[in-house]
Structure formats: structure tokens, C-alpha cells
Amino acid sequence: MYNFLSALIICGALVIIGEFVSRLTKTWLPSVFVTAVLILIGYWTVLPKTLVTDAYLLPLGATVSIFMIVTHMGTMISIEELLAQWKTVAICLMGLVGMTIFAWFLCPLFMDRVMVIAGLPPLAGGIVAATMMQDAAAKAGYVTASVFAISMYCIQGFAGYPLTAVALKKESAKLLALYRSGAVKVDRAEEEAEIAEATKGPERRQGILSTPESWNTPIFLFIKVAIGAWIAFMLGKYTGISGAIWALIVGVVLCRVGFLEPKALNRTNTLEFLMFALMMWIFDGLKDCTPQMVTEIWVPIVALIFFGVLGLAVFSMATAKILGVSPWLGFSNALTALYGFPFNAIITEQLCHSEAKTKDEEEYLMSQIFPSMIIGGFVTVTITSVIMAGIFSKLF
């Protein structure tokens with residue numbers, strides 16, 4: 001009964017259950033956390049520890065997926081929008097600087113520095129950063145640190161969601177007070193344009209490496225992304241700089257010269273499958289996790305989240321104050337590091353809807369909050385966390 005297909009079905013079922021529970025709890029229980037807990041319990045009871053290998057997802061997730069996905073992430077970055085939202089970019093970057101400083105100097109009082117190295121990039125980012133640190137720690141022989149990187153990725157949202165809700169409620173109350181008093185004038189067309197601009201990403205460009213639209217079949221687009229990923233891999237091999245960092249840069253450059261399409265893998269309908277393989281590769285690292293190890297990493301997890309978020313708050317709010325931005329909005333933007341897209345969009349939309357009394361108020365709140373929250377996710381999770389992971393993975 002058990003074979004490579006049944007192993008694949010089990011992996012898929014665990015992810016589906018995680019997504020269902022996440023929707024049922026309105027994302028307060030992250031899907032990755034639920035799936036990780038199910039897999040961990042399964043490894044301790046009935047699931048074979050070769051599950052991911054048996055499903056033939058391990059080699060795909062460990063090689064092709066990460067380079068293809070990061071190259072794809074590069075095609076999603078709009079340099080023009082980042083420049084337009086430079087204050088948000090500065091606030092988020094300074095927030096991550098604060099997170100790193102506080103965690104680096106204060107966390108070793110409660111944990112080994114190896115755990116700080118493994119956990120910081122996942123705390124500041126998403127699945128790619130977690131993958132890079134989990135792999136680097138495992139190759140360096142730090143099994144507990146490898147599990148710690150996975151755990152941080154699965155748990156970070158529990159700090160990010162409620163803190164963002166509190167900060168955005170503070171910001172919404174201030175904005176609505178101004179709106180209801182008539183102190184601000186709004187342009188509906190401008191509001192809609194701001195929201196649309198924040199989510200559309202870069203536009204397709206005609207450049208020296210553009211290919212005719214008629215050629216752009218899903219397979220052709222997929223292979224073009226693979227070419228970009230290969231270039232990044234080779235650059236990483238011969239420069240000593242992480243290939244993932246190069247993949248992000250190559251994705252941006254090839255998109256701007258027209259070779260890659262914006263959001264390239266979305267057009268091939270392969271992104272979700274590659275993400276699935278990458279996620280299962282991460283969770284495969286849990287096979288080495290024991291109940292004793294889980295009890296050992298709880299104090300480091302709490303310490304890293306506490307000091308990291310404290311540093312994020314101090315630096316992001318101070319920077320926002322200096323730049324003339326609301327500190328609560330600046331803190332919210334920086335907090336996107338703890339969950340990224342699409343959760344930044346979901347949380348913002350839900351909060352604006354719940355706080356507003358009318359459709360006009362909701363649209364006003366969205367226009368003031370949504371664009372910077374989306375950009376915040378790109379700066380923290382899509383860009384900076386990958387760079388951090390590329391640097392920190394060399395520190396083991």
C-alpha cells in the first residue's frame with residue numbers, strides 16, 4: 001500500500017490540513033505551523049522518516065525549487081515603487097538592523113550564538129531564508145540549530161500577527177479621527193491608484209533580451225527562469241557569495257532587460273508546486289527532532305523573538321519619527337518581516353474592514369496603510385531576509 005505515490009499524497013494531505021485550519025482560524029494559526037506540528041507528531045508515531053524522500057520531493061526542494069523561486073522573486077520587485085516608497089524601505093531596513101543588533105548582543109545571554117545565527121534570518125523573513133539556514137546548519141553539523149531554523153519559520157507569525165493588529169488599530173484610530181473631523185480631503189481615484197500600484201509589481205519590459213510574446217508558452221517561460229537560476233548558481237559557485245543572493249539580483253536584472261516576465265512562474269502554473277517541494281524539504285529536517293530537542297529550543301525561541309522584535313520596534317519607530325511617518329505605521333511595516341505576503345495583505349484588509357464604519361472610511365484606511373504594508377513585505381521577506389541568510393549561512 002505504501003509507495004512513492006502514497007507518500008506524495010500524505011505530504012499533500014498534511015499541507016492541505018494546515019491550510020484548512022489556517023483559514024478556519026482566519027490565519028491566526030499559520031498553515032506552516034499546523035503542518036509542521038502534524039509532521040512532527042507523525043514522525044514520532046506512524047510516519048516513516050523517509051516520507052519526503054519516498055515522495056521524490058527531497059531532491060527537487062533542495063536544488064531546483066530554491067533557485068527557481070528566488071529568481072522568480074526578483075521578477076516581482078518594482079524598483080520604481082521601492083524608490084517611491086523610500087521612507088517605508090528605510091524604516092524596514094532600520095527595523096531589521098535593530099532586530100539584528102538586539103538579538104546578536106542580548107540573546108547569547110540565554111542561548112548559544114549558533115542558535116542566533118540559525119534563527120535570525122528566518123525571523124526576519126520567510127521560507128527561503130528558513131531553507132537556507134536549515135540547510136547551512138545541517139551541513140555544518142548543527143542538528144538542533146537546523147531544527148531551530150525550521151521552528152522559527154513556523155512560529156514567528158504568532159508574534160507578528162497580534163502585534164501588527166495592535167499597531168494598525170492605533171494607526172487606524174488616528175487616521176479615522178482625522179477623516180471624520182474633515183481635516184483631510186480625499187481623492188477617490190487617487191486612493192484606488194495607490195492601492196493598485198502597490199500590488200501590481202513591475203510591468204513587462206521590451207529590452208535587448210526580450211522574446212516574442214508568441215513564444216512565451218509555459219514551458220518556454222519555465223526554462224527562461226531556469227536559465228536565470230543557472231546563471232545565479234554559477235555566480236555563487238565562483239564568487240563565494242550565496243547563489244540565492246545572486247538569484248535575486250539576476251531575477252531583477254533579467255526582468256528589466258526583458259528576458260524574464262514579471263511574476264514569471266505565476267504564468268507557468270508551477271510556482272505552487274515548487275513551493276510545495278521546498279516546504280516539504282524544510283519539514284524533512286524535522287525527522288531528526290526529538291521530544292527532548294523540542295523542550296530545549298523553547299527558551300531560545302522566546303528569547304530570539306522577544307529581543308529581535310524589541311530591536312525591530314525601537315529602530316523602526318525611531319526611524320519613522322525622524323522621517324515624519326507615524327511610528328505605529330512604521331512599526332507595522334517592519335513587522336511584515338514576521339509573516340510577509342500574503343499575510344500582510346490579509347491582515348491589513350481585515351483590519352481596515354473591521355475598523356471602518358462605512359465603505360468610504362474603509363477605502364481611505366486602505367489607501368493610507370495598504371501600499372506601505374505591501375512594500376514592507378517585499379523589503380523584509382523578499383529582499384533583505386534572503387541577503388541576511390546568504391551572509392549568516394557563512395558564519396557557522
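Pairs, please: C-beta under 8 Å, at least 6 apart or cross-chain, first residue hydroxyl-bearing (Ser, Thr, Tyr) and in the stretch 1-19, second in a helix (DSSP H, G or I) and surrounded by 12 or more Cβ atoms within 10 Å (Cβ to Cβ)?
Short answer, once both residue conditions are applied: Tyr2/Asp54.
Evaluate the following for Leu260: is it touching a residue at least 24 places away in the same chain (Cβ under 8 Å), closer than 30 Å to Ala36 by Cα and not basic (Lys, Arg)?
For Leu260, the condition - touching a residue at least 24 places away in the same chain (Cβ under 8 Å), closer than 30 Å to Ala36 by Cα and not basic (Lys, Arg) - is not met.
Suppose the filter is hydrophobic (A, V, I, L, M, F, W, C), at pLDDT below 90, touching a Ser or Thr at 6+ places or on another chain (Cβ under 8 Å) and over 22 Å from Ala130 (Cβ atoms); does Ala264 pass it?
Working: hydrophobic (A, V, I, L, M, F, W, C): yes; at pLDDT below 90: yes; touching a Ser or Thr at 6+ places or on another chain (Cβ under 8 Å): yes; over 22 Å from Ala130 (Cβ atoms): yes.
Answer is yes for this residue.
In this structure, does Leu82 turn out to be part of a loop (DSSP other than H, G, I, E, B) and either loosely packed, with under 14 Cβ neighbours inside 10 Å or aliphatic (A, V, I, L, M) (or both)?
Numbers: part of a loop (DSSP other than H, G, I, E, B): no; either loosely packed, with under 14 Cβ neighbours inside 10 Å or aliphatic (A, V, I, L, M) (or both): yes.
When the stated conditions are applied, Leu82 does not pass them.
Answer yes or no: is there a residue in the stretch 333-352 that is outside any helix (DSSP H, G or I) and modelled with pLDDT of 85 or more.
Scanning the stretch 333-352, I find no residue that is outside any helix (DSSP H, G or I) and modelled with pLDDT of 85 or more, so the answer is no.
Can you name the residue in the stretch 227-261 that is within 17 Å of Val381 (Cβ to Cβ) and part of a helix (DSSP H, G or I) and, of all such residues, is modelled with the lowest pLDDT? If you could, list the steps in order and put the result at the bottom.
As a first pass, look at the stretch 227-261 and keep what is within 17 Å of Val381 (Cβ to Cβ): 242, 244-245, 247-249, 251-252.
So of that shortlist, the ones also part of a helix (DSSP H, G or I) come out as 244-245, 247-249, 251-252.
Working: Ala244: 79, Ile245: 82, Ala247: 88, Leu248: 85, Ile249: 88, Gly251: 90, Val252: 88.
Of everything passing the filter in the stretch 227-261, Ala244 is modelled with the lowest pLDDT.
What is the residue count in the stretch 42-101 for residues that are more than 30 Å from Gly311 (Cβ to Cβ) and of a type in the set (S, T, N, Q)?
Looking only at the stretch 42-101, we keep the residues that are more than 30 Å from Gly311 (Cβ to Cβ), and these are 42-65, 67-68, 71-72, 75, 80.
Pick out the ones that are also of a type in the set (S, T, N, Q) and you get 45, 50, 53, 63, 65, 71, 75.
So the answer is 7.
Answer yes or no: is there a residue in the stretch 272-286 that is part of a loop (DSSP other than H, G, I, E, B) and not β-branched (Val, Ile, Thr). Reasoning before the result, please.
First, the residues of the stretch 272-286 that are part of a loop (DSSP other than H, G, I, E, B): none.
Looking for residues that are part of a loop (DSSP other than H, G, I, E, B) and not β-branched (Val, Ile, Thr), one finds none in the stretch 272-286, hence no.
Report every pair of residues separated by at least 6 positions or lying on different chains whose Cβ atoms are under 6 Å apart, first residue within the stretch 45-65 and without any contact (Cβ under 8 Å) to a residue 24 or more places away in the chain, second crowded, with 17+ Cβ neighbours inside 10 Å and not in a helix (DSSP H, G or I).
That search, which allows pairs on different chains as well, returns nothing.
Within the stretch 305-326, does at least one residue satisfy the condition of being closer than 20 Å to Pro162 by Cβ, touching a Leu at 6+ places or on another chain (Cβ under 6 Å) and buried (at least 21 other Cβ atoms within 10 Å of the Cβ)?
Checked the stretch 305-326: at least one residue is closer than 20 Å to Pro162 by Cβ, touching a Leu at 6+ places or on another chain (Cβ under 6 Å) and buried (at least 21 other Cβ atoms within 10 Å of the Cβ).
Take the conditions touching a helix residue (DSSP H, G or I) at 6+ places or on another chain (Cβ under 8 Å), under 20 Å from Leu260 (Cα atoms) and assigned to a helix (DSSP H, G or I) and apply them to Met68. Does it pass? Write out each step before concluding.
Values: touching a helix residue (DSSP H, G or I) at 6+ places or on another chain (Cβ under 8 Å): yes; under 20 Å from Leu260 (Cα atoms): yes; assigned to a helix (DSSP H, G or I): yes.
For Met68, the condition - touching a helix residue (DSSP H, G or I) at 6+ places or on another chain (Cβ under 8 Å), under 20 Å from Leu260 (Cα atoms) and assigned to a helix (DSSP H, G or I) - is met.
Looking at the stretch 146-153, can you tell me whether even one residue there is surrounded by fewer than 24 Cβ atoms within 10 Å (Cβ to Cβ) and of a type in the set (Val, Ile, Thr)?
no
The values are calculated or read from the model by the stated rules, or taken from the named source; none is laboratory data. Since we're looking at a predicted model, the values are computed, not measured. Glycine gets a Cβ as well: all are built from the backbone with ideal geometry, and neighbour counts include every protein chain shown.
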